[in-house]
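One structure is given below, encoded as structure tokens.
Since every read-out is calculated from the coordinates, none of them should be taken as a lab result. Values in this document were obtained by computation on a predicted structure and should not be read as measured data. Every residue, glycine as well, gets a Cβ built from its backbone with ideal geometry; the counts of neighbours run over all protein chains shown.
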Amino acid sequence: MMLFAQADQGGIYSLISTLLFIAFLLILSIPDIQLGFQMWRLSSIVEKELGEIKRMSDNARNKLIDMLKSLNAKDPQGLVDTLAEMFVIDPVSVEPIDIISRMRHLLRGGESKIKSLIKDSVPNADPVTISKLEVSAEVVNALNLVYKVVRHYINLAKKLKSPMLMYQVQMVIPILKRMAEAYSKAQDTFRDGKPVGDSLGPLVAARLMLNATRKWEPAEETVAAETIVEGRKVIVVKALGPLATVGRPGEAVARIVEEHNGQIARIITVDAALKLEGEQTGSVAEGVGVAMGDPGPEKIAIERVATKYGIPIDAVIVKMGMEEAITDMPKEVYDAAEKAESLVRKIITERTPVGSSVIVVGVGNTSGVGQ
Amino acid sequence: MSLNVQSQSQETKTILKCTKCGYTEERQFQLGDFVMKIVDKTCPKDGTPLIIWGIYTVKQEQKAK
């Protein structure tokens, strides 16, 4: 009897657990419950990543505030808040006439606004320190933008209860986080005045300028030097170092070519280029065209003047990852500078006649690279 | 069971060079260093002032168990 009673009890428990399991499955099959569960899971993943991006953004702000405080700046907190929210509106593109000069006007307006805000706050700072603060402000601005955009889409997905939108955020957030990490590290490199991977072009140019006979400034924050390579007059152009600036290489080259009435045998541009996954950091490649990661105005200035006088343009690039381009120069890139310089010398000797004039442009940010 | 933790440490080097004889030496990066800066040191071979020829960073992966 006892045995039967136990068997009955076991059967009842088994029946109850089966019914509970079926009920659980039925509940889970209700679309709203599924949606809620998906949203909860996705938002917990993306919010964790958003928290990391916010931490990086806050750290960058605090570092800039500390830099300003150490220079006895007026209202560092207020200045950093202003710089973090600064923006430049794109020119009208449905009417393309004159778009380059309008873009140049707006970009330079943005640069001078940031510079004047910083100069007003730290009037006694030297140009190198001002340039470091400018780059640091750009980092703070970029990180703030990444954080706000990601937060916007997460909040929008929650508001619309859209798992599809949340999935898109989840797919793109690892790339944005990587970008944010690179920006975060870049701030320290520029603050310490070290060369970055992108300083490869200015590094090659600085070495070519070593025995220059004359140096001058053909454009703002840009230096040119005249030297002789195997009987050719070589005019080397780079941003004015060791400021953390890219200078105005396009404007400088256009001016130099016009001063020579177009009598330039070749223009050679040297720059860092983003590698594709699988490519080696520090590999050197040669091509045709202006090697320059400029939004437009500087690059087009070289293309226009070269086209006007029929001057061939060579591009020498050294490949690297995005993080390597904006953080400490890696050894592979440092080693590649010598190879790039040899290639530039080879192009000059093999493709230009003795007695001609050649322009070499070291494109990139010249942080930590003088001349 | 062991827990492998990977972290990256980095070291920034400054390369000094004599532009006359090509002699080079390496030291730790110091704040204020920049490429083409003439440093307070002369070449042990010919006494020419040394210049900073390059600055680069080496990343080392450290494994802790």
Identify the single condition in (1) without any contact (Cβ under 8 Å) to a residue 12 or more places away in the chain; (2) at negative phi that A:Asp98 does not satisfy, given that it satisfies every other one. (2)
Please identify the pairs in which a residue from the stretch A:57-69 that is under 20 Å from A:Arg151 (Cα atoms) has its Cβ atom under 8 Å from the Cβ atom of a residue that is buried (at least 23 other Cβ atoms within 10 Å of the Cβ) and among the β-branched types (Val, Ile, Thr), counting only partners at least 6 apart or on another chain. A:Ser57/A:Val140; A:Ala60/A:Val139; A:Ala60/A:Val140; A:Arg61/A:Val80; A:Arg61/A:Val140
Within the stretch A:264-286, does at least one residue satisfy the condition of being of a type in the set (Lys, Arg) and either closer than 30 Å to A:Leu68 by Cα or within 14 Å of chain B (Cβ to nearest Cβ) (or both)? no
Reported set for the stretch A:324-341 where residues are within 11 Å of chain B (Cβ to nearest Cβ) and acidic (Asp, Glu) is A:Glu324, A:Asp328, A:Glu332, A:Asp335, A:Glu338
In the stretch A:29-62, how many residues are more than 20 Å from A:Ser162 (Cβ to Cβ), assigned to a helix (DSSP H, G or I) and of a type outside the set (Lys, Arg)? 9
Scan of the stretch A:224-257 for residues that are within 14 Å of another protein chain (Cβ to nearest Cβ) and free of Cβ contacts under 8 Å to residues at least 40 places away in the same chain, ordered by number: A:Thr227
Tell me, which residue of the stretch A:165-214 that is charged (D, E, K, R) and closer than 30 Å to A:Ser43 by Cβ is farthest from the other protein chains (Cβ to nearest Cβ)? A:Lys177
Selection within the stretch A:347-358 - outside any strand (DSSP E or B) and either within 14 Å of chain B (Cβ to nearest Cβ) or in contact (Cβ under 8 Å) with a residue 40 or more places away in the chain (or both): A:Ile347, A:Ile348, A:Thr349, A:Arg351, A:Thr352, A:Pro353, A:Val354, A:Gly355, A:Ser356
Could you say which residue among A:Val290, A:Val344, A:Val361, A:Val305 is assigned to a strand (DSSP E or B) and away from chain B (no Cβ under 14 Å)? A:Val361
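With respect to A:Val122, is the statement that it is within 17 Å of A:Asp294 (Cα to Cα) and touching a residue at least 24 places away in the same chain (Cβ under 8 Å) true? Talk me through it step by step, then tell me what you get.
Values: within 17 Å of A:Asp294 (Cα to Cα): no; touching a residue at least 24 places away in the same chain (Cβ under 8 Å): yes.
It is false that A:Val122 is within 17 Å of A:Asp294 (Cα to Cα) and touching a residue at least 24 places away in the same chain (Cβ under 8 Å).
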Taking the condition of being part of a loop (DSSP other than H, G, I, E, B) and more than 10 Å from every other protein chain (Cβ to nearest Cβ), how many residues in the stretch B:19-29 meet it? 4
